[in-house]
Structure formats: C-alpha cells, structure tokens
Amino acid sequence: MKISGFSFIRNALKYDYPVVEAITSVLPLCDEFVLALGNSDDETEGLIASINSPKIKVIHTVWDESLREGGRVLADETNKGLDSIAADSDWAFYIQGDEVIHEKYHAEIKNKMFLYKDDKRVEGLLFDYLHFYGSYDYVGDSKRWYQKEVRVIRNNKSIRSYRDAMGFRIDGRKLNVKAIDATVYHYGWVKPPQLMQAKQKYFHSLWHDEQKVAKMVSTAADFDYSTIDSLALFTGTHPAVMQKRIAEKNWSFDFDLSKKNLSLKHQFTKKIEQLTGWKPGEYRNYKII
C-alpha cells in the first residue's frame, strides 16, 4: 500500500500557520508528501525546508486571486497538489496548513486504509473534528462548526477539491466514504490576536473585494475572541508535534463556559442532538456507506 500526503500553503510565517506541525503529523503515514507552495511574501519556503525530509516534494505555484467566488482559489491550489502525487499511490492524505493529526490515531488511519484499499466502493475516509478557539484550552461546541470532513481520498484523478477546499466531489457528486475513529485537530482559530485579525482580512480577501472586506472585518488591531457563542473546555492531550508551539504561546484568553449566546432554535437542535445523536440541518459534503 502506497500513501501520498498533499497540501497547499502560502505565507505561513506571515499568518502564523502551523504548517510544519501539520505536515509532520502525517508524514509517518506517508511515502511522499506533495506541498503546493504558493507565491509568498515571507520565508515559507525556508520553513518547509527546515523539516528536512526526503519525503517532501515542493511544487511552486502562483495563486489566481481572480478566483474569488466561493474561495475557489483554495480548491484550485488543492487540486494542484493532488494532481502532483505519485500515480501508483493507493490513497491521498489531505491536510490543511492549520490541521494536525494526533499520533494516537496513526494506527487506526493506516488500518482503515489497508482494510478498504481494494474496496472500490470506498472513495474516502471521514474524520471527526475538534476546532480550537482563542487558545489551546477551548474548543467550539456550537452549530457553527463542521463536525466531520473527508481527509483521505482514493487516488482517483476524477476526484476534485470542492468549493473552498473544505471537501471533495467526483464528477459533481458527493464521495462515498467510511467514517473512521480519528480526529483532526483544527488550530486555525488559535493565534495571537493581532495575527488573527490580519489573517481575517487576508482570508476574506480570497472571497470578496476590498470594499466588502472592509465592511466584514473591523479596523481594530486585535481580533476580538470574546464574541464567540459557545465553547467547551478541552480536557485531552494535544499532538506531540504541537507541544513546542503551545509552550511558546504568548497571549492569554479566558472564557466563561457558562456563557451560551445561542438562539432558541440552536438550543432546541442541540438538545435533540444530545438526546438522539441526530444533528438536524447538519451539512454533509459526503455520503457515508
């Protein structure tokens, strides 16, 4: 069984992406890792080189910033990485620059890739998600956060990144997938407040023109983390590759866990989920088989 990892990144240092941690968290599972490195304004290329792994293959790309509708430029960059993986790989492991896999899930992921390798009905593997917010101590627990997404796909060139690169489709339809007992740790909302504010402006610019970005993002120097609707305390352990970054955190964020700024509709659907496990209105970019 051969496994290729792939991702894309641009300006990782400028916007404080944990891309080194992302790549190294899946590298033990991969025979190669293809990174689509976009035209950056910082030393991202040197950062990637510091990983010093012969498995890593860097392809240089130029982002087409005219692809703003729905953040399509992100899917475009994802597809560049996917198209560059080895033709003889069985699976392609996708990881974004702010996502990390805990080493405790490595065995489960590899076992499931082996189990379904020859079952052509299975086009991808579905992961759970934890979304950290404000600091490494809190995770989002409201409906605004997606709960699952596909991060391992079969090496089929008909599979394309969908919309803003959150998931995948094949010939326009949802992938047929198997859910596995593994979780993606998403750290995209954990940054120093100044860098988070800068990232917000940059990220929205991939969807909208300057006038709309100005309306959507405040002019404050720091991002206001306190406006979140609901959080829960994280009581588990972080991936080993994140320990150094966590130890170097230089800002504070505390949240009153009793604060729940949820609509009545959200409170009702959350209660249904707690009682039945069913999540009314949940968006699913996949079909579980």
Any hit, the range 36-45, residues being of a type outside the set (Lys, Arg), modelled with pLDDT of 95 or more, within 21 Å of LYS157 (Cα to Cα) and surrounded by 19 or more Cβ atoms within 10 Å (Cβ to Cβ): yes
Qualifying residue in the range 210-222 (condition: closer than 19 Å to GLY97 by Cβ and of a type outside the set (Ser, Thr, Tyr)): no
Test set (1) modelled with pLDDT of 95 or more; (2) within 30 Å of PRO193 (Cα to Cα); (3) hydrophobic (A, V, I, L, M, F, W, C); (4) not in a strand (DSSP E or B) - TRP145 fails condition number: (1)
Residue satisfying condition, being closer than 22 Å to ASN155 by Cβ and either surrounded by fewer than 23 Cβ atoms within 10 Å (Cβ to Cβ) or at pLDDT 95 or above (or both), within set ILE101, ILE48: ILE101
Among the candidates SER84, SER89, residue that is surrounded by 19 or more Cβ atoms within 10 Å (Cβ to Cβ), more than 26 Å from LYS191 (Cα to Cα) and not basic (Lys, Arg): SER89
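Report yes if some residue within the range 65-73 is touching a Lys or Arg at 6+ places or on another chain (Cβ under 8 Å) and modelled with pLDDT of 95 or more; otherwise report no.
No; the residues of the range 65-73 include none that is touching a Lys or Arg at 6+ places or on another chain (Cβ under 8 Å) and modelled with pLDDT of 95 or more.
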Qualifying position, being assigned to a helix (DSSP H, G or I) and of a type outside the set (Asp, Glu), among VAL58, VAL73, VAL122, VAL100: VAL73
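Filter the range 179-199 down to residues that are of a type in the set (D, E, K, R) and out of contact with any helix residue (DSSP H, G or I) (no Cβ under 7 Å at 6 or more places or on another chain), then give me how many there are.
So the count comes out to 1.
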Residue in the range 81-90 that is under 20 Å from the mean Cα position of the chain (by Cα), within 24 Å of TYR136 (Cα to Cα) and not acidic (Asp, Glu) present: no
Hits in the range 109-159 - residues which are within 18 Å of the chain's Cα centre (by Cα), among the charged types (D, E, K, R) and surrounded by 17 or more Cβ atoms within 10 Å (Cβ to Cβ): ASP141, LYS143, LYS148, GLU149, ARG151
Search result, residues across the range 51-81 that are at positive phi and surrounded by fewer than 18 Cβ atoms within 10 Å (Cβ to Cβ): ASN52, GLY70
Qualifying helices (runs of 4 or more DSSP H) (wholly inside the range 191-261; at least 3 residues being modelled with pLDDT of 95 or more): 243-247
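Results for (1) within 15 Å of ILE289 (Cα to Cα); (2) out of contact with any Phe, Trp or Tyr (no Cβ under 9 Å at 6 or more places or on another chain), shown as yes or no for each residue.
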{"site": "ALA107", "(1), (2)": "no, yes"}
{"site": "ARG121", "(1), (2)": "yes, yes"}
{"site": "LEU126", "(1), (2)": "yes, no"}
{"site": "TYR133", "(1), (2)": "no, no"}
{"site": "ASP137", "(1), (2)": "no, no"}
{"site": "GLY140", "(1), (2)": "no, no"}
{"site": "LYS143", "(1), (2)": "no, yes"}
{"site": "VAL150", "(1), (2)": "yes, no"}
{"site": "SER161", "(1), (2)": "no, no"}
Residues of the range 210-228 that turn out to be among the β-branched types (Val, Ile, Thr) and touching a Gly at 6+ places or on another chain (Cβ under 6 Å), as a count: 0
Single unsatisfied condition, SER7 versus (1) within 23 Å of LYS117 (Cβ to Cβ); (2) in contact with a Lys or Arg (Cβ under 9 Å, 6 or more places away or on another chain); (3) crowded, with 16+ Cβ neighbours inside 10 Å: (2)
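Going through the range 177-217 one residue at a time, which ones are loosely packed, with under 14 Cβ neighbours inside 10 Å, in contact (Cβ under 8 Å) with a residue 12 or more places away in the chain and over 21 Å from ASN285 (Cβ atoms)?
Correct list: ASP209, MET216.
The values are calculated or read from the model by the stated rules, or taken from the named source; none is laboratory data. Because the structure is a prediction, the values reported are computed rather than measured. Every residue, glycine as well, gets a Cβ built from its backbone with ideal geometry; the counts of neighbours run over all protein chains shown.
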